[in-house]
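No value in this document is a laboratory result; all are computed from the given coordinates. Quick caveat, the model's predicted, so the values are computed rather than measured. Cβ coordinates were reconstructed from backbone atoms using ideal geometry, including for glycine residues, and neighbour counts include every protein chain displayed.
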Amino acid sequence: MQMGAAGTKSMKILFVTDRRVDAGSIQAVAGHVRAGNELGHTVAVYGHPEPNFPGVRFSSDVAAFDYVVFIFESKLRWLDGLQLAHILSAVPRKQRAIVDADGMYNQRITVDGYDHNHLNDRERWVWLTTFDYLADKILQPTLKPHEPGVIPLLFYGYDPTAQVKPATDAPKRFDIVHVGHNWWRWREVSNSLLPAIERVRAHLNGICFVGLWWDGVPSWAWDLGLEQAFCVDVDGLRKLGVQVKPAIPYSEVIPMMSAGRVNIMTQRPLFRRLKILTSKYFEIFCADTIPLVMLDPDHAELVYGPAGRDLALYDRIADKLLDALRNPQKYRASIEEVRHHLAAHHSYYNRVRELVKALEG
Amino acid sequence: MKLLFVSKLDRFARAVSTITKYVQTGKALGHEVSVFGEQSSEIPLVSYSLDVKRFDFVIFVVYMPADFPDLPYLAQLLDGMPKERRVIIDCYGRYNETIRVEHDFNHLEKMDGHQGWEWIEAFQAVSNKILQPTLKPLRSDVRSFLFHAYDPAGVVCRHSSPTEAAKAWSGTTNGTKPYGLTYVGNNWQRWTQMRRFLEAIESLKSDLGPICIAGWDWDRRPDWAIQLGVQGADVDPVLLERLGVERRNAIPFDEVRKFLGQGRFSPIFHRPLFNQLGIVTNRTFETFCADTIPLLMLSENLVEAMYGPEARLLAPGDDLAGRLKDMMRHPEVYWEAVLRTRTHLAEHHSFERRFKELAAILES
């Protein structure tokens, strides 16, 4: 570690992540790179530069970094032996950490007989053993990890500079936009959101769901025993007039959200149970839209501050959707209050400082 | 010395035969040799271990990315053995700049997802000692270590003289050779040479007898190769049909010598990349254990350097058909070359000798 210009310690952090341009944690990684630059830290992603990842610095010089941080999502083996051999040989275990984005380092959890982190005990054992061998520190993007030894690190954050200015001239293309993949979301969407939309559909204009697997269950899902995770009623969506668009790169998420007068954030049940945060928690507040988050109001307040309760889409969903569309000015103050709260407590500056502290701790 | 080999063992491919021999030879010489991993019943001759710290050295035998173990074991392995006690044997010449020869290559991202720099940087991170099974590595930071070797005890028929060998071979005392020619190898980067070979012997088809090839993907170009646009698994089924070539599935490593001995001749090819880099394989040596006359379809330099001067007769050069005719007419002459070459291999390329070379490299 070197001293930065302001006399602070300058840390070099290398993220090792499954590089998916339209999924996972790549927005957060880009946020860490930007904030790290301003704070005097060097943050990069393992690999050689790729043009479709704007704002992301790449490096393969593993030994030049103080810490390597693996970002694990729902897949364990996205790195093959050659890459791992390179990284593990160059950086000792005490300088390696894991961001456990999907809460895999936990007991087996099944929510409502539906969403789960591990299919069986053997799978859980492999995940936990892997994490234990791989890294000295396990970080989870939740305020309250369940397992002892896990460090809470929210990781995902808010970037005030990404805030889209309110459009005054062009009308919005959609009344409602939902950006997110159909991954363990269908039960909530079909049980709560779509019935509410159906009730007031006659009063709504365009509705758009953006993401993977809203157009059908992928053929490989059955082989993995994961068909429930992608369950979808394509005809039902069509009949309801919900337009489905494919996944978009992370750099287009906020502009896409800004195409909707209202944006809805849903979250898979396991994440709600574990209180795990994601990029969407914050991207939705960067967009020029009315963000409504399908969280219980207490959790919304915990993350967004008191005004977050006003934007929780928890009960009387249909009424709230209509109200937001008909009385947008009523929500402006709450949105601005949340943005102030996020800038103060959840910016990527905070996140980078928290990460540095966790790694040094 | 306690050695731990790390490689993905497959009964039908790569280094399984050679590593098995290191286990046996090491034991005979008073060492302990195991393979990293959970005990497998597939290869009972090999003992497996996960107890990395019990070993003095770890030897990575690398052909492909999967030769590095999966998680969580790789972390356990690398954290348990310091870099200076790790060695890599680079069997495909990965630790080089990207090289293309005909359709062959040492790096191809569309095959395994890795660019050249990944191989170079990974190898450098894992070990300071990188060995390649060639007499002349291209890079100055690579040491020559042939790795594969000859097993004198594994010779299937120990003929006491060329005359006896020739008699047995000609069927006068032993009619157990149903094939004129046998070949064992998977259809990967071999078709260019195999085609030339088969076309050259087509005129001898009736004198030579049936031909049998054992290995993967000789029936047709596999779907994955078509999808990826990779030509290394090309094959011409029409030519094979015309020559009546019998094709069999891959056979396990411990049946190779017996199978090769069912043919009077057995060619040794090295894939184009290996020819360029001078890389040897298990089959370079193993074919001489089988009861067959090996046909050395290799460069003169390699033949002389590896097999000794007596082996020149077994390298047909450009006149394959003419040499085969002569071999069939005068088998005794050629069996003498085979037996002398076996002696040369036993003296210079035995597993015992190879093991000692490896031990010297490890201790250096």
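For the pair A:R201 and A:K75, the difference between a 0.36 nm per residue extended length and the Cα-Cα distance amounts to 41.6 nm. Approximating the spin labels as points 7 Å out from Cα along Cα→Cβ, the B:R11-to-A:L212 distance works out to 3.7 nm.
Report the FRET efficiency, 1/(1 + (r/R0)^6), for A:W222 and B:S170, where r is their Cβ-Cβ distance and R0 is 60 Å, rounded to 0.05. Numbers along the way, then the final one.
Working: r = 59 Å, r/R0 = 0.99.
Plugging the Cβ-Cβ distance into 1/(1 + (r/R0)^6) gives 0.50.
B:D112 to A:E38: FRET efficiency via 1/(1 + (r/R0)^6), r the Cβ-Cβ distance, R0 51 Å, to the nearest 0.05? Kindly include the intermediate steps, with their values, before the conclusion.
On the way: r = 39 Å, r/R0 = 0.76.
The pair B:D112/A:E38 has a calculated efficiency of 0.85.
In the protein assembly as shown, taking the dipole from charged Cβ atoms about the Cα centre, the farthest positive-side position among A:L79, A:V189, A:V68 is held by A:V68. Each of B:S266, B:S140 has some number of other Cβ atoms within 10 Å of its Cβ, and from fewest to most they run B:S140, B:S266.
In chain B, the DSSP-assigned H stretches of four residues or longer account for a calculated mean residue ellipticity at 222 nm of -10500 deg cm²/dmol, using -39500 (n - 2.57) per stretch and the full residue count as denominator.
For A:K75, the aspartates and glutamates whose Cα falls under 19 Å of its own Cα, not counting residues fewer than eight places away in the same chain, are A:D18, A:D22, A:D100, A:D102, A:D115, A:D121, A:E123, A:D132, A:D223, A:E227, B:D70, B:D112.
Going Cα to Cα from A:K239, which aspartates and glutamates come in below 13 Å? Please leave out same-chain ones fewer than 8 positions away. Partners within reach: A:E198. Here the sum of -39500 (n - 2.57) over DSSP H runs of 4 or more residues, divided by the residues of chain A, equals -9500 deg cm²/dmol at 222 nm, to the nearest 500. Counting other Cβ atoms within 10 Å as a rough exposure proxy, the listed residues B:F36, A:F285, A:F15 run B:F36, A:F15, A:F285 from fewest neighbours to most.
Of A:P166, A:P255, A:P306, the residue with the greatest mean-square motion in the GNM of chain A, using alpha carbon springs below 10 Å, is A:P166. Here, P(r) means the percent of Cα pairs in each 10 Å bin from 0 to the largest distance; for segment B:115-206 it is 11, 22, 27, 22, 13, 5.
Extending 7 Å from Cα along the Cβ direction at B:D207 and again at A:D235 yields two label points whose distance is 7.3 nm.
Give the shape of segment A:208-361 as rounded, prolate or oblate, defined through the alpha-carbon gyration tensor: a ≥ b ≥ c are the square roots of its eigenvalues, a/c under 1.5 means rounded, and otherwise the shape is prolate if a/b is larger than b/c and oblate if not. Taking the square roots of the gyration eigenvalues as a ≥ b ≥ c, segment A:208-361 is oblate. For the pair B:S160 and B:S364, the difference between a 0.36 nm per residue extended length and the Cα-Cα distance amounts to 69.4 nm. Figure legend: label point modelled 7 angstrom from the Cα of B:T98 along Cα→Cβ; residues of segment A:38-61 with amide N under 18 Å from it are A:47-52, A:60.
Name all residues of segment A:92-126 having a backbone nitrogen under 14 Å from the label point set 7 Å from the Cα of B:K53 along its Cα→Cβ direction, giving them as ranges. It comes to no residues whatsoever. Between A:T110 and A:E147, the simple label model (points 7 Å from Cα in the Cβ direction) yields a spacing of 2.0 nm. Measuring against 20 Å, Cα to Cα, the residue pairs A:K12/A:K137; B:K2/B:K83; A:K172/A:K330; B:K205/B:K325; A:K12/B:K110; A:K9/A:K357 contain A:K12/B:K110 as the ones spanning a longer distance.
Sum up the charges of everything whose Cβ sits under 13 Å from the Cβ of A:L237, counting Lys and Arg as +1 and Asp and Glu as -1, but leave A:L237 out. Local net charge: +1.
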